[in-house]
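Novice: Below is one structure. I have some questions about it.
Values quoted throughout were computed directly from the atomic coordinates according to the rules given, and no laboratory measurement underlies them. Please read these numbers as outputs of a predicted model, since none were measured by experiment. No Cβ is skipped: glycine too gets one built from the backbone with ideal geometry, and neighbour counts run over all protein chains shown.
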Amino acid sequence: MGRRLLLLGPPGAGKGTQAALVCTAVGIPHISTGVMLRDHVQRGTDLGKAAKAIMDAGDLVSDEIVIAMVEDRLSWDDAACGFLLDGFPRTVAQAEALDALLGGERPLEAVISLEVIEDEVVQRLLDRAAKEGRADDNEETIRNRMAVYRSQTEPLIAYYRNADIVRPVDGMGGIGEIFGRIAAVLSAS
């Protein structure tokens, strides 16, 4: 049986970088809802068309669409050996839907929660926005994204804490240092 993992962390915590390292080390696919959404839109699937209309209107894609995409992706052969979820679930309702999808006998094994110092991450995102010329990423929008993350994720952490699978990891420091902490947590699980 492969590893079934979820990676949580606020914007700028380095989730994408750490997810790639963990997936390579463990030999499981990185399943990112952001990547899946862009892929479905690009391929013009029915799900992609529905998602594009919603995103073009500036709204969040519904649980129904995201859950359908995750269900489809988890049915691929490579996910039979395990997976690392990134960007899903974002809410307790999505977590409950994921539990139903996975079935009671093989739920998530661990929820890796990257813990960061918000002011340092905000500065990191401001530096990145300046480097990449992203004027829309100012301190106000970044702090708003952090607040949205906190309000959505705190109930999710509590939900998974009840199952005793939350593994907090210090998300500050160098990439290798953080990966080392994640690897240690996973080997202890």
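Novice: Please identify every one of the GluC sites (Glu not before Pro) in the stretch 37-107 that sits in a loop by DSSP and has no more than 12 other beta carbons within 10 Å of its own beta carbon.
Specialist: Filter output for the stretch 37-107: GLU105.
Novice: Separate question: With each run of n ≥ 4 DSSP H residues scored as -39500 (n - 2.57), what mean residue ellipticity at 222 nm is computed for the chain after dividing by its residue count and rounding to the nearest 500 deg cm²/dmol?
Specialist: Details: 8 runs with 110 residues, N = 189.
Helix contribution divided over all residues of the chain: -18500 deg cm²/dmol.
Novice: With the dipole of the chain worked out from charges on the C-beta (+1 for Lys and Arg, -1 for Asp and Glu) around the Cα centre, which of SER187, PRO107, ALA158 lies farthest toward the positive end?
Specialist: Checking the options against the dipole of the chain, the answer is SER187.
Novice: Moving to a separate point now. Rank these for me by crowding, LYS15, LYS52, LYS131, going from fewest to most other beta carbons within 10 Å.
Specialist: LYS131, LYS52, LYS15
Novice: A further question on this structure: Which whole-Hz ³J(HN,Hα) couplings does the stretch 143-159 yield from phi under the Karplus relation 6.51 cos²θ - 1.76 cosθ + 1.60, θ = phi - 60°, glycine and proline marked x?
Specialist: Each residue's phi maps through the Karplus curve to give 5, 5, 4, 5, 5, 4, 4, 4, 5, 7, 8, 4, x, 5, 4, 4, 4 Hz.
Novice: Mind putting a number on the dipole of the stretch 3-182 about its Cα centre? Charges go on the C-beta only, +1 for Lys and Arg and -1 for Asp and Glu, and I need it in Debye to the nearest 20. Write out the running numbers ahead of the final one.
Specialist: Numbers: 20 positive and 29 negative charges, 59 e Å.
For the stretch 3-182, the charge dipole is close to 280 debye.
Novice: What full-extension length gain, to one decimal in nm, is calculated for LEU126 and THR91 as 0.36 nm per residue of separation minus the Cα-Cα distance?
Specialist: Additional length available on full extension: 9.9 nm.
Novice: Sticking with this structure for a sec: Out of these labelled values of Cα extents along the principal axes in Å, (i) 64, 43, 23; (ii) 45, 42, 29; (iii) 79, 40, 23, which was calculated from the coordinates shown here?
Specialist: Recomputing Cα extents along the principal axes in Å here picks out (ii).
Novice: Want the number for ALA135 to ALA20: 0.36 nm per residue separation, take away the alpha-carbon distance, what's left?
Specialist: Once the chain is fully extended between ALA135 and ALA20, it gains 38.7 nm.
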